[in-house]
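Let me begin by presenting the structure, written as structure tokens, before commenting on it.
The values are calculated or read from the model by the stated rules, or taken from the named source; none is laboratory data. Fair warning: this is a prediction, and the values are worked out from it, not measured in the lab. All Cβ positions, glycine included, derive from the backbone under ideal geometry; neighbour counts span all protein chains shown. The accessibility values were calculated without ligands, DNA or RNA, using every heavy atom of the protein model including side chains. Shrake-Rupley method; radii C 1.70, N 1.55, O 1.52, S 1.80 Å.
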Amino acid sequence: MACLAPLDGDGFVKSFPVAEDNAPEVRSFFNEFGFVVISRVLTAEECDATFEEFWDWRERDGLLRSNPATWEPYWKNQRFGRLGIMGNFSDIHSLRQLSNRQNDQVHEAFARVLGTHKLWVDHDRLGVMRPTVDIDLHDGDGPRIMESWRTLSNWLHLDCNPTEGFASIGSFADSGSKIDFGKTLIIQGLLTLTDATVVDGGFHCVPGSHNISTDWAANNQLHGTRNNMQVPQGDRLHEFVQQIPIRKGCLLVWNSLLFHGNHPNSSERFRAVQYIRCMPTQGTPYSPLVSDATMFPEEFKMSERGMKLFGISAWP
């Protein structure tokens, strides 16, 4: 496995600006560590608008960003709320998430990692970790620490089972064909809508573990399902976990063979991301989840690039 991934002077993981000609450096970093961060793919305004939409949608259900007393009922009803994942289905009706999926800079960043611009984009959802420090529930007891709101700690897993040849992907249509992970690169990704320092919670991984996970999986099938592997507590892999702080407006891409997870928020700030991934149009079992333009919101303005990324029209 590789050593720890390098950090910059502000304590964030090293990143590569999308506007620079840096494809070889991006691929080299990705190949060594199993992940890479490409910066400045979204503006601060685009990030803020996406996160504000999350609140605007749910205000009618009583969820108010300004009132922490309203948060718990919503989070308890999320299937993966303990992991910081919001919603039970793909957010295809989110105008902001759709705009980010067809964003020129986001597409370019994925192309830099995957080596082709002929890509399809998926339909996924947001991840939101609540603040857990200095929380005032307006019950007369004043601000407090809400440890029960913190997401699962020491979570380390693969969203695939390389021994079986399947991945856990619900954001694309799946033909059901087996994947040879030794020959086919399957990636995952997220857009950071807020800064995520170490204390804010967020992504962690075992850098370089994409090089050994196939062997680990073959010897640990008792800890797996058809399309998922969970690293048990006590496994030495946990000793090599590195928390990966990432700035707002970045795209994080990681190899699905990389052991990863997220760590809890221990700050007074929100940590928010948009899960997103792209696939090459050839060579995988995956195709667009929704390729009928009439299924998209009427008010969504799909670009020519978006038509191709969503699978409505073909790449030349």
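Before moving on, here are some points about what is shown:
- Filter result for Ile186 (open to solvent by 30 Å² or more (accessible area, probe 1.4 Å) and among the aliphatic types (A, V, I, L, M)): no
- Within the stretch 113-124, tally of residues that are in a loop (DSSP other than H, G, I, E, B) and under 16 Å from the mean Cα position of the chain (by Cα): 3
- Condition met for Leu95 (touching an Asp or Glu at 6+ places or on another chain (Cβ under 7 Å), in contact (Cβ under 8 Å) with a residue 24 or more places away in the chain and of a type in the set (A, V, I, L, M, F, W, C)): yes
- Members of the stretch 203-223 found to be among the small types (Gly, Ala, Ser) and buried (at least 20 other Cβ atoms within 10 Å of the Cβ), listed by number: Gly208, Ser209, Ser213, Ala217
- Of the helices (runs of 4 or more DSSP H) lying entirely inside the stretch 1-112, not one contains at least 2 residues that are open to solvent by less than 30 Å² (accessible area, probe 1.4 Å), acidic (Asp, Glu) and out of contact with any Cys (no Cβ under 9 Å at 6 or more places or on another chain).
- For the stretch 130-145, the set of residues classified as outside any strand (DSSP E or B) and either under 17 Å from the mean Cα position of the chain (by Cα) or without any contact (Cβ under 8 Å) to a residue 40 or more places away in the chain (or both) consists of Arg130, Gly140, Asp141, Gly142, Pro143, Ile145, listed by residue number.
- Residues of the stretch 254-289 that are assigned to a loop (DSSP other than H, G, I, E, B), in contact with a Phe, Trp or Tyr (Cβ under 7 Å, 6 or more places away or on another chain) and not hydrophobic (A, V, I, L, M, F, W, C): Thr281, Pro288.
- Ser287 being surrounded by fewer than 23 Cβ atoms within 10 Å (Cβ to Cβ), of a type outside the set (Lys, Arg) and in contact (Cβ under 8 Å) with a residue 40 or more places away in the chain: yes
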